[in-house]
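Peer 1: Got a structure for you, questions after.
The values are calculated or read from the model by the stated rules, or taken from the named source; none is laboratory data. On a predicted model such as this, the values are computed, not experimentally measured, just so you know. FYI the Cβ positions are ideal-geometry reconstructions off the backbone, even for glycines, and counts take in every protein chain you see.
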Amino acid sequence: MVQGRRRRRPPAVRVLWAGAELAVTFGVLVLLLVVHQLYWTNRQAQASARDQVTRLERQWDARRAPSAGPSPGTAAPEPEPSMEPESKPQPEPERHGTGMRQEFRSTLEQAPPRPRPDDAYAVLRIPRLGLTVPVAEGTSRTAVLNKGYAGHYAHTAQPGEQGNFALAGHRNTHGEPFRRLDRLRPGDTVEVVTAAVRYTYAVDRTLPRTAPSDGTVTAPVPYSSAHPAYRYTEPRAYLTLTTCTPEYSSAYRLVVWGRLTGALPR
């Protein structure tokens, strides 16, 4: 009889052992996936969003920088007498429900071109949440939302315009910019900064939960078709922020509405 020979496990034991190994391997893979989704995607997206905000602000500052003066040794040209009448001061914004007069907005932005799909073109700031993220055109997951940006619903108004400027953002993973959206209260300030103008909105009301199909929350005059008590009736300049709820689920939507309260040159 050979000494030290290992006893062969019965078939049932071998099957159970193999199953246990597979379960452990599967559990490790799931854990790595969770770490990637909840930690690594957040780090990547938040870093990307910060870099994009910095790039936008540098681009805007470069456009506003004064042009170079005459080269050394060259006399500056004498200004020619103007035949135009003296310019009149621009009108101040009217603090009506619609936000501000169209003439004032035109003076500030001079009808900028509409942003191209997926391009970042504004910055969203919410002081209560300590949030600063880029705003990009469209709500593509891969090109916008998964970068940690707020995505502009392309069919809605642009910042400062009469109508509904509506944004979407992740609540969990990929930067989760709207994770704490439920903490906003009436009167809280939301800023939207473009190349030329800083728009200020005030939070007005929150719809804690509605169906993803409740698309009227982003209508020009927003309302909830699922919850009739949540309804606006007057054309104004509105802001809508949307995200998934509850956390770690996409079963419903959380909606925050605000109204334009002012605008200043950047």
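Peer 1: Taking segment 220-242 as the region of interest, how many residues are in a loop (DSSP other than H, G, I, E, B) and within 25 Å of residue 129 (Cβ to Cβ)?
Peer 2: Going through segment 220-242 one residue at a time, the tally reaches 6.
Peer 1: Examine segment 190-204 for a residue that is surrounded by fewer than 20 Cβ atoms within 10 Å (Cβ to Cβ), closer than 18 Å to residue 169 by Cα and modelled with pLDDT of 95 or more, and state whether such a residue exists.
Peer 2: Scanning segment 190-204, I find at least one residue that is surrounded by fewer than 20 Cβ atoms within 10 Å (Cβ to Cβ), closer than 18 Å to residue 169 by Cα and modelled with pLDDT of 95 or more, so the answer is yes.
Peer 1: Given the conditions (1) within 19 Å of residue 53 (Cβ to Cβ); (2) surrounded by 18 or more Cβ atoms within 10 Å (Cβ to Cβ); (3) of a type in the set (A, V, I, L, M, F, W, C), and given that residue 157 satisfies all but one, which numbered condition is not satisfied?
Peer 2: The failed condition is (1).
Peer 1: Condition test on residue 144, is it among the β-branched types (Val, Ile, Thr), farther than 17 Å from residue 193 by Cα, crowded, with 18+ Cβ neighbours inside 10 Å and in contact (Cβ under 8 Å) with a residue 24 or more places away in the chain?
Peer 2: yes
Peer 1: Ok, one more. Just to be sure I understand the filter: pairs with C-beta atoms under 9 Å, separated by 6 or more residues or on different chains, first member in segment 49-60 and closer than 12 Å to residue 147 by Cβ, second member in a helix (DSSP H, G or I) and at pLDDT 95 or above. Which pairs pass?
Peer 2: Qualifying pairs under 9 Å: 49/147; 52/147.
Peer 1: I would also like to ask the following. Just checking, how many residues over segment 243-266 are of a type in the set (Phe, Trp, Tyr) and either without any contact (Cβ under 8 Å) to a residue 60 or more places away in the chain or not in a loop (DSSP other than H, G, I, E, B) (or both)?
Peer 2: Residues in segment 243-266 being of a type in the set (Phe, Trp, Tyr) and either without any contact (Cβ under 8 Å) to a residue 60 or more places away in the chain or not in a loop (DSSP other than H, G, I, E, B) (or both): 2 in total.
Peer 1: Same structure again: State the number of residues belonging to segment 225-253 that are farther than 18 Å from residue 170 by Cβ and in contact with a helix residue (DSSP H, G or I) (Cβ under 6 Å, 6 or more places away or on another chain).
Peer 2: Result for segment 225-253: 1.
Peer 1: Across segment 112-158, what is the total count of residues that are more than 18 Å from residue 259 (Cα to Cα) and either among the aromatic types (Phe, Trp, Tyr) or touching an Asp or Glu at 6+ places or on another chain (Cβ under 7 Å) (or both)?
Peer 2: Number of matching residues: 14.
Peer 1: Name the residues in segment 105-130 that are in contact with a strand residue (DSSP E or B) (Cβ under 8 Å, 6 or more places away or on another chain) and at pLDDT below 60, would you?
Peer 2: 105, 108, 109
Peer 1: Exactly one of (1) under 22 Å from residue 248 (Cα atoms); (2) more than 17 Å from the chain's Cα centre (by Cα); (3) not aromatic (Phe, Trp, Tyr) is unmet by residue 222. Its number?
Peer 2: (1)
Peer 1: If you don't mind, another one. I'd like the full set of residues that are in contact with an Asp or Glu (Cβ under 9 Å, 6 or more places away or on another chain) and surrounded by fewer than 20 Cβ atoms within 10 Å (Cβ to Cβ), limited to segment 205-223.
Peer 2: Hits for segment 205-223 are 206, 208, 221.
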